[in-house]
Amino acid sequence: MKIDPILTAHPVTGAVRHITTDLLGATYLAPRMPAFDLTVALQQGPSPWRDSFTAAPAETAMAIERGIVALARATKTLSPEAIEMRDLPDGRARRHLSALGDIWRQMGDALPDDLGVLAHVLRSEAAQAIEPLPVLDPTACAFSDPAEVALIERLVAHHGSAPPEARAAWQSSRVSPHANATGAMGHLQANLTSNSAPVDPDSSIAVFGLRDPIEEAAFAAARTRQLLDSRVISSPQEVGLLIPDDAIYLEQLAQSFDALGLPLAGLPVEPASRDHVGELLTAALAILRGPAPRTALASLFTSPLAPWSADQGALLARETMENGRSRSAKSLKGISAELGDTLRPVATTARMMARLQAIAATLPDLEAKRDFRSRVALIGTSQNDEAPDWTSALRKAAARPNASSGSGRFVEGVSLFTESALPWRPVRQLIVLGMAGRAWPRPAPVNPLFTDSEIAQIKKHTGLTMRTRADLLNRRLELFRRQLCAASDGATLLVPARDAAGKSLAPATALALIGRALKAAKSENLVTDLRAMHPAAWPVAHRLTARLPGGGAPEVPDTGILRIGTDLLRIRREDDGRGRPQSPSRLETLIVSPLAWVLEELGAKDRTWAPECLDVLVLGSIVHEVLEILFPKAAPIPDMAKIEAGADAALDTAIGIHAPFLSATDWAAERASLTREVRRVALSWARFLTENGAEILDNEFQLAGDQRGLRIAGRADTLLRLADGRIVIVDHKRSASKGRRDRMEKGWDLQVALYGAMMERPEVDTELTRLVTAGVSPVTAYHLTNDGTILTGPAGAGIPGAQAVVSDIAEHALDHLDQTIAAVGAGDIVLNRSGDAKRIRKDRGITPYSLENNSFLAAFTLSDLAEEPDDDE
């Protein structure tokens, strides 16, 4: 693609304009082109990409569209008739080119990417133009594609070239494509991409390393102020800023330059904005398609177009992300309740369209309502009368962020230039930001249809000139060289170490070329890292915020104990003032980390959104549900045939309850694996029950009691009566037996001990507690589903198929829990030390999940008083 834009100079006023497709369409009265939709074309007839389209229709259609655009631009007629493959050898290149041409012909006059307007102009006569468009500069460009060359030739034939005086005036005001600085800067401008002999660096080039784009923006403003104050430049307009195409730079530069009273020319008149209607419509379609993803529901709840307040939407979204559903949604009233009622999956096109119209009716903003309805109507044009075409609907609904528009250019301001365009005026000093990561130049995309060698083969045998990755990279490097030519005196290059999200960045490719041109063996040798310098030596004036003591780490007592002075066991209370019951899992957190437990009680936890995933908790819930369905209480133990016959239906029910997302086709492989697993687990469990003549007395039953005055409550999975009369409480765990046995043998298994406490000191009267009162001593057991092992404490000795741990499995856990309950009841929080996670695994057999990935907890973690030797090393 041509680097210089195609311009026209008005023959009367001399006004210079860009020749855009809008201008061409208006001048040549281009008719409305047919919609370009490859879906039908790719569904009909054979093609090399048929299987790809079946697997990923949207992505394949996008790749084919890019291929047609590249192929059309490789011709001078924008017509598939220009494809002549007589001399192209058989092979992959010929097959793909032939198929691409066939699809292009099938599309008729439809062309993507505004190419339809260009094709209309190339087929028009001069008399069809309603105004003259004399070309300002018809000079050929090495990077022009054949379609651009043909367009310029046609415009010159129709309108001629601009008068010499108009071209001379334009030449005097534009940025020269040639070197105009002296010294090292001039050498770079002339030889950035060549192999000319390097020169020594001098003061015309300065390269500074900074932390991130925020610090870059602040430095650029300070550098501009320093150049003004030292009279290197006489006005702000003599400085230009060259920035990557990244909105973070626009935002930060506007703030930093405004803070120093420096005008910034070239900021967009209308900044980029989100397409809230497209986002809402996309989320609604994902919900109606079903099963509704949590992130889609949460996105809809937080939409600024929704009929509820932002705070209420945030609450609905938070509950949805944490629990899969929102309890607060049940309390919605009026139009908000009407919107909530529509958020259910549909199976027919008619219902989908009706629900979308119902959603539109709930939107308070009239303009958003009209836009939403017009997009719904567009979706309807591609639907049949039966099942919805979700792929087409989602493609038409896709959010299209509103790009920034206009440019607030004025004479007196610091000039703002962007990565993808030539500078709009010359300057004396240029400051280039973002010389790291993917900018300068951005990597060239891979052609999804042809390799570079195939593109060269096609050019040789057909004359069609498509661009290789090397061509694209060379163009981007040449554009950067031309951008450097905007400066007549010198340049300051800024190299961030990280992006705005804190991710480390590698220096830009162009920096290596600069280093080669300036006798730097490594490009890093050119960089002066401000972070490694004392602030007094910085090249600009600065104001530093005082560092927080200890680097911001919280101050904690040397004893490692936070004394809050209040009963922390009553953070969560019932309406009557009593502390709410603690679950066994919460109390396990308490014995691992009292601070993590306090944070959990307060609800202070990471609320980062993430899509549903098939993690350990979800898998465990599904396996539990399947076992409960296949082995109901008071029913005979099913044989192998009944388990095989009922496993699929039981799994479908469990998935619908705990993980609806698994119903989607994308999760077919995981569902198949899970089907095999639940059958294996169910058959193993049936063998144990049959071997022991077990009767299932209950499933998922409640237990409640107290431990040292602390209310505790939980649910046990299964209650059995064995043939020998013993009562067994079973907890199903989706894990292997090794870790659980290790914990039990070391006396740190808390859960079964708490079951015992709830039975001995019950808060509610149940059949089980009555049995205990009558003298029955239930056996507690774990069913480890990954290997089918049944583990019990000493009371389970002799149960066929079970393995009993003969020692006290909860001795240390209960002692430690009692001590910790006393401490937190008195308001004391014992902080963790850095070696606790390793020690807890080793000494207790507990996996300390609460100590993992918790940055707040890590800030309050103390260093070990003495590091213990690592036995594993």
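The values are calculated or read from the model by the stated rules, or taken from the named source; none is laboratory data. A quick note: this is a predicted structure, and the numbers were derived from the prediction, not measured. Positions of Cβ are generated from backbone atoms using ideal geometry, with glycine treated the same way; all protein chains shown enter the neighbour counts.
Some points to look at:
- Consider the range 27-43 and keep the residues that are touching a residue at least 12 places away in the same chain (Cβ under 8 Å) and assigned to a helix (DSSP H, G or I). The one that is farthest from Asp389 (Cα to Cα) is Thr27.
- When the residues of the range 313-325 are filtered to those that are at pLDDT 90 or above and among the small types (Gly, Ala, Ser), the one that is surrounded by the most Cβ atoms within 10 Å (Cβ to Cβ) is Ala317.
- Residue within the range 848-861 that is in contact with a Gly (Cβ under 7 Å, 6 or more places away or on another chain), of a type in the set (Val, Ile, Thr) and under 30 Å from Arg570 (Cα atoms) present: no
- One residue stands out among those in the range 83-94 that are in a helix (DSSP H, G or I) and of a type outside the set (A, V, I, L, M, F, W, C): the one that is farthest from the chain's Cα centre (by Cα), which is Arg94.
- Members of the range 44-82 found to be in a loop (DSSP other than H, G, I, E, B), free of Cβ contacts under 8 Å to residues at least 60 places away in the same chain and within 30 Å of Arg154 (Cα to Cα), listed by number: Ser79
- Any hit, the range 15-26, residues being within 24 Å of Arg167 (Cα to Cα), part of a loop (DSSP other than H, G, I, E, B) and not polar (S, T, N, Q): yes
- Just one of the listed residues (Glu644, Glu628, Glu601) is acidic (Asp, Glu), surrounded by 13 or more Cβ atoms within 10 Å (Cβ to Cβ), out of contact with any Lys or Arg (no Cβ under 9 Å at 6 or more places or on another chain) and part of a helix (DSSP H, G or I), namely Glu628.
- Scanning the range 249-279 for residues that are more than 22 Å from Ala500 (Cα to Cα) and either of a type in the set (S, T, N, Q) or touching a Pro at 6+ places or on another chain (Cβ under 9 Å) (or both) returns Leu262, Pro263, Ala265, Asp275, His276, Gly278.
- Which numbered condition Arg531 misses (of (1) in contact with a Gly (Cβ under 8 Å, 6 or more places away or on another chain); (2) more than 25 Å from Ala218 (Cα to Cα)): (2)
- Residue in the range 248-259 that is aliphatic (A, V, I, L, M), in contact with a Ser or Thr (Cβ under 8 Å, 6 or more places away or on another chain) and more than 30 Å from Leu24 (Cβ to Cβ) present: no
- Residue among Ala72, Ala63 that alone is hydrophobic (A, V, I, L, M, F, W, C) and out of contact with any helix residue (DSSP H, G or I) (no Cβ under 6 Å at 6 or more places or on another chain): Ala63
- Residues of the range 410-430 classified as more than 24 Å from Arg231 (Cα to Cα) and outside any loop (DSSP other than H, G, I, E, B), total: 1
- Taking the range 791-811 as the range and being aliphatic (A, V, I, L, M), surrounded by 14 or more Cβ atoms within 10 Å (Cβ to Cβ) and part of a loop (DSSP other than H, G, I, E, B) as the test, the residues that pass are Ile799, Val805, Ile809, Ala810.
- Restricting the range 362-421 to residues that are of a type in the set (Asp, Glu) and touching a helix residue (DSSP H, G or I) at 6+ places or on another chain (Cβ under 7 Å) leaves a set whose member that is nearest to Val269 (Cα to Cα) is Glu412.
- Criterion: of a type in the set (Val, Ile, Thr), modelled with pLDDT under 90, more than 17 Å from Arg715 (Cα to Cα) and not in a strand (DSSP E or B) - qualifying residue of Val776, Val764: Val776
- The residue that is nearest to the chain's Cα centre (by Cα), among those in the range 499-525 that are farther than 17 Å from Pro213 by Cα and in a loop (DSSP other than H, G, I, E, B), is Lys522.
- Boolean, Pro448 is modelled with pLDDT under 95, touching a helix residue (DSSP H, G or I) at 6+ places or on another chain (Cβ under 6 Å) and buried (at least 18 other Cβ atoms within 10 Å of the Cβ): no
- Contact annotation: residue pairs with Cβ atoms under 6 Å, 6 or more positions apart or on different chains, pairing a residue in the range 101-122 that is on the phi < 0 side of the Ramachandran plot with a partner that is acidic (Asp, Glu), are Pro112/Glu65.
For every residue, the table says whether it meets (1) within 30 Å of Ala306 (Cα to Cα); (2) surrounded by 21 or more Cβ atoms within 10 Å (Cβ to Cβ).
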| site | (1), (2) |
| --- | --- |
| Ser176 | no, no |
| Ala197 | no, no |
| Glu216 | no, yes |
| Ile233 | no, no |
| Glu238 | no, no |
| Leu242 | no, yes |
| Ala247 | yes, no |
| Pro271 | yes, no |
| Val277 | yes, yes |
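- Going through (1) crowded, with 16+ Cβ neighbours inside 10 Å; (2) aliphatic (A, V, I, L, M); (3) in a loop (DSSP other than H, G, I, E, B) one by one, Ile152 falls short only on (3).
- Qualifying residue in the range 751-758 (condition: assigned to a strand (DSSP E or B), touching a strand residue (DSSP E or B) at 6+ places or on another chain (Cβ under 9 Å) and closer than 26 Å to Asn854 by Cβ): no
- Members of the range 215-261 found to be within 15 Å of Ala541 (Cα to Cα) and in contact with a helix residue (DSSP H, G or I) (Cβ under 6 Å, 6 or more places away or on another chain), listed by number: Ala217, Ala218, Ala221, Ser256, Phe257, Leu260
- Qualifying residue in the range 558-578 (condition: surrounded by fewer than 10 Cβ atoms within 10 Å (Cβ to Cβ), more than 25 Å from Gly705 (Cβ to Cβ) and of a type in the set (D, E, K, R)): yes
- Subset of the range 75-94 [closer than 18 Å to Glu454 by Cβ, in contact with a helix residue (DSSP H, G or I) (Cβ under 8 Å, 6 or more places away or on another chain) and either surrounded by 14 or more Cβ atoms within 10 Å (Cβ to Cβ) or hydrophobic (A, V, I, L, M, F, W, C) (or both)]: Thr75, Ile83, Met85, Leu88, Ala93
- Here Arg841 meets each of (1) part of a helix (DSSP H, G or I); (2) modelled with pLDDT under 90 with one exception, condition (2).
- Any hit, the range 39-47, residues being over 19 Å from Arg395 (Cα atoms) and either among the charged types (D, E, K, R) or surrounded by 15 or more Cβ atoms within 10 Å (Cβ to Cβ) (or both): yes
- Taking the criterion of being within 14 Å of Arg428 (Cα to Cα) and part of a loop (DSSP other than H, G, I, E, B), the residues of the range 181-197 that qualify are Ala181, Thr182.
- Unmet requirement for Pro132, which otherwise passes all of (1) assigned to a helix (DSSP H, G or I); (2) surrounded by fewer than 18 Cβ atoms within 10 Å (Cβ to Cβ): (1)
- Selection from the range 712-740 of residues that are in contact with a Ser or Thr (Cβ under 6 Å, 6 or more places away or on another chain) and not in a strand (DSSP E or B): Arg734, Ser737
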